[in-house]
Amino acid sequence: MYRLRTIDFVGKRRYFLILSIILVLISLFSIGVRGFNFGVDFAGGTEITLVASESMDVSEVRSTLSAINSEYETAKILKLFPMTGQEVVVERFSVTIPRFMAGDEKDLLISQLAGFGVDSFDTVSGLSATELRDRSLWAVLVTIIIILVYIAIRFQIAFGLGAILSLAHDGIITMGIFSLFQIPFDISVIAALLTLLGYSLNDTIVVYDRIRENMKKFQHSQIAKTINTSINDVLNRTINTSLTTFIVVFMLLLFGGSGLQPFAFALTIGVIIGTYSSIYVASPVLIGFLKSRR
Amino acid sequence: MKADRIRLAFVILIIGAALLALFWPDASKTYDNWVEGLFGNIRLGLDIRGGSRLDYSLSVPADATKPIDEIANEVVVVVRQRLDAAGYTEAGITRVGVGALSRIRVEIPGVDDPSVAERLVGRQGTLYFGEILETEQSETQPRPKVGIQYRDAIWLRSKDFAGPATTWYLILPYVRIGSQRVYLDGSKVTDARAEVDTQRGGFKINLAFDREGTEMFARITANFVQQQLPIILDDLVLVAPVVQNAIREGRAEISGRFTGQESMELAALIRSGNLPAELIKEEERTLGPTLGMDIVTASLIAGLFGLIIVLVYMVVYYRIMGLIADIALVYNTFLLLGVMSAGQFILTLPGIAGIILTIGTTVDGNIIVFERIREEMRSGKTTLNAITGGYAKAFSTILDSNITTILAAFVLFYMGTGPIKGFANTLIIGVVGSMFVTLVVSRLLLNAFHHKIEHGFYAKVETKAGGQ
């Protein structure tokens, strides 16, 4: 028989649980106190229609804007075309800055945009963040119930609770990071959050599946050992899967450009936290749940 | 093995269909760059491809009691519902300007046909059941009738006014029952759905009323047996059926032999209710990608780069098995893109996030199987037995981990809005695909190339794990 060296993951679980609790508390505090830096998708802002006399593309407009104020780099910039048939005489761009401007500030910006003509200057609304939040809350609740029921049927209810707990852990910490560092929070971040929750759930279930299998081999009193062995059994898979997913999202973060950065950042953080939580949160909390059931 | 031969035929058939859907050239389109040219059959969202922008100003009725800002917000909600109901979930609706200068902006992906969206946005959506006083065939609107009973009546055309002479109806905007006036309108409709009309051909619209509406409709139909009861939408008589008997179930059917598109649009209009103000189109423009082409190109290159590293990593780590995983991964990616083009789903940035997650689950499924096969080999099984045993053990893992993801994705699909739906779409297709490739495609390849799999290499215990 071969033997692998076993790493003691669950022995140190107290420290990691404390670490996780601290991270969750900091995140909740930051979300409550600082809130989010909502991007133009949600918050709305000021829309300026610029007219360029010469041929230009979006990236040139973006660099002009960020030269005026680095805050403007995240502006939403669109090229506008006339509807049909008409020849393009001047190039128009719609630039939306995630700030509401008026008076002096507006005049200053117009004067700074000397190379362009300014066609219109308007405030635009964002997507309603509260509406999205309300709908998302319902979706999250229903998802939690369905996943709990499925896992309770296929595993035990304790596994379901563990999975939900680790999902909440991942979601809260990732959102906390967005709040703490005031990284622009836009629609794409929502997609990234959902992605990481799917990823983390997947990761957790794989470990749980092995625990379920090993529980048949070990005695119930050895629950901690069973769980530790299971984590070690699937460790190769955990490392390889995390690494490959990490590569894809990290490349997106490195080379995806500034517009995609919040999205790629959420994914990158998410892969790390999702992997951590399936080893140090989802599995160790099972020990408590399974023991307390006896 | 005969089973494998059938599987092989199946696998080839599926990918063939997917590739056909993806790459079948559509001569009617022109493309601005290589990205669009290559994936021309995939409908790209506003953020990646751009689309049309329609700006509307509001004409608020003079007797409106609410402030214009509130009305504008209501308009946004109604327009959103209409476009959602008609399948334009990726459209963006925003308010521009404040107060009396408020405008409603609608952005629709693609520039193929903004006219459909225009029909949906601009219409009032006022539905009611009326009473026909007179009917006339005419090319122009007949003269108004004089008389006390005609005081509220107006001449309205039938919706099919294609021919030179059409039917004009003199309509009362309410139904008289005895001395009572009954107003049955769209506000009492709880649901409207387009359905195939099996009796008359074409499509029909099924209406469901709320409690009050059900009661009204029962009373009206009881009093109008063997008489026409017209249904009017936006000053056009949609249909004027003869009532056969009293209907008490609170359901009505508008069977005007509509086309599928027409019935879907009408159902969407009726379901989302009236617009609280009239919309006047001010401006119409074509948009570049809202993310910016610079960002789209950069992210595609970054994504491809990441994918290539993953492919190489798998071959380095798992050798021949890694190559099989790579084939499975590429297979699933094209399968996903093929289904997206065939199903006319719109690909947006959140959709790309779904694809990334799909890449993850596909690689993961293969890794789970490979690690199980290695465990089986270490316990002394031959390669072929190890493959069978590994799959038997990995099956529950793959099933449970993917089913939980699919369940979550379904909730998002039904409860989410716009871009979230797009994400759920790609995720469901991708995860189902990843189960298929892991359980069928990879297995087929593993069985076929089992003699190429070096037993000694895979059975070896990892040095980093410190074997004894």
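Observations
- Over 31 Å (Cα to Cα) - which of A:Lys216/B:Lys452; B:Lys66/B:Lys421; A:Lys217/B:Lys381; B:Lys66/B:Lys204; B:Lys204/B:Lys421 fall in this group: A:Lys216/B:Lys452; B:Lys66/B:Lys421; B:Lys66/B:Lys204
- When Rg and the Kirkwood radius Rh are both evaluated on Cα atoms of segment A:148-294, their ratio Rg/Rh stands at 1.04.
- Shape call, segment B:127-273: gyration tensor on alpha carbons, a/c limit 1.5: oblate
- Two-decimal ratio, chain B, of alpha-carbon radius of gyration to 2.2 N^0.38 Å: 1.31
- Each Cα pair under 8 Å and six or more residues apart adds its separation to the average, and for segment B:158-288 the resulting relative contact order is 26 percent.
- Placing +1 on the Cβ of every Lys and Arg and -1 on the Cβ of every Asp and Glu, with nothing else charged, gives the protein assembly as shown a dipole about its Cα centre of roughly 4060 debye.
- Under Karplus coefficients 6.51, -1.76 and 1.60, residue-wise ³J(HN,Hα) of segment B:8-21 in Hz, glycine/proline x: 4, 4, 4, 4, 5, 4, 5, 5, x, 5, 5, 5, 4, 5
- Cα principal axis extents for segment B:51-118, largest first, Å: 38, 21, 16
- Debye intensity ratio I(q)/I(0), log10, chain A, q values 0.16 Å⁻¹ (C-alpha model): -1.24
- Scanning chain A for GluC sites (Glu not before Pro) that sit in a DSSP loop and have at most 15 other Cβ atoms within 10 Å, the longest stretch containing none of them is A:88-294.
- Chain B: relative contact order as a whole-number percent, Cα under 8 Å and 6+ apart: 19 percent
- Shielding of A:59-71 by partner chains, average beta-carbon count, 10 Å: 1
Values quoted throughout were computed directly from the atomic coordinates according to the rules given, and no laboratory measurement underlies them. All figures in this text were calculated on a predicted structure; none of them were measured in a lab. Cβ sites come from the backbone with ideal geometry, for glycine too, and all protein chains shown count toward neighbours.
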